[in-house]
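Report on the following structure.
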Amino acid sequence: MKKIYIGSDHGGFKLKQTVKEYLEERDYTVKDLGCDSTDSCDYPEFGKAVAEKVVADSGSLGIVICGSGIGISIAANRVQGARCALANSTELAELGRQHNGANVLALGARTQFMDDPMDIVETFLKTEIDEGERHERRRAQLG
Ligand code: RB5
């Protein structure tokens, strides 16, 4: 079973706890890198922390959550080797994995989801990267 690194700011804390419980009940190994409460904190720290772990730990995946999902996804994407996809639907989670080779999923806890966030998480974790030549070529250009 894949190892999942998870992190959020205060805006994503409650959803992070829900995602964590959901994954642990399904026997995923979840490493929670914080935050630890709804007290105000800064999303760049947690986006970076999760992305760095995912890049260092081959085969692992990450989930980052803030209010909009935007700030923490930007933070994760600034780590070399991290590809973070912000998704509010299972379709985007699937495409982010298949086409873009995303290794980190971002969720916006204070935004509207088109699908249940747990289904989005499940889709992201279960979808394999499409190894087709055109996708490989485009991913290679991302650096
Ligand atoms: C925190 O108030 C909020 O700015 C943060 O959770 C996120 O939405 C940033 O992109």
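Things worth noting here:
- Partner aspartates and glutamates whose Cα lies under 13 Å from the Cα of LYS16, excluding those fewer than 8 positions away in the same chain, are identified as GLU24, ASP32, ASP36.
- Accessible area (Å², 1.4 Å probe, nearest 10) - ASP57: 40
- P(r) of the chain over all Cα-Cα pairs, binned every 10 Å from zero, in whole percent: 14, 47, 33, 6, 0
- Candidate residues SER89, SER58: accessible-area rank, largest first, probe 1.4 Å: SER58, SER89
- Sparsely packed loop sites in the range 1-30 (the trypsin sites (Lys or Arg not before Pro) outside DSSP H, G, I, E and B with at most 15 other Cβ atoms within 10 Å) comprise LYS2, ARG26.
- Trypsin sites (Lys or Arg not before Pro) within the range 51-143, DSSP loop, no more than 13 other Cβ atoms inside 10 Å: ARG78, ARG110
- Shape analysis of the range 61-121 places it in the oblate category; the axes a ≥ b ≥ c from the Cα gyration tensor give an a/c of at least 1.5, with a/b not above b/c.
- Relative contact order of the chain, defined on C-alpha pairs under 8 angstrom at six or more residues apart (%): 23
- Only helical runs count toward this figure. For the chain, summing -39,500 (n - 2.57) over DSSP H runs of n ≥ 4 and dividing by all residues gives -13500 deg cm²/dmol at 222 nm.
- Size of charge dipole - the range 1-132 - debye, nearest 20, with Cβ of Lys, Arg +1 and Asp, Glu -1, no other charges: 320
The values are calculated or read from the model by the stated rules, or taken from the named source; none is laboratory data. Given the structure is predicted, the values throughout are model-derived calculations rather than measurements. Cβ: placed from backbone, ideal geometry, glycine included. Neighbour counts: every protein chain shown. All accessible areas refer to the heavy atoms of the entire protein, side chains included, with ligands and DNA or RNA removed. Shrake-Rupley method; radii C 1.70, N 1.55, O 1.52, S 1.80 Å.
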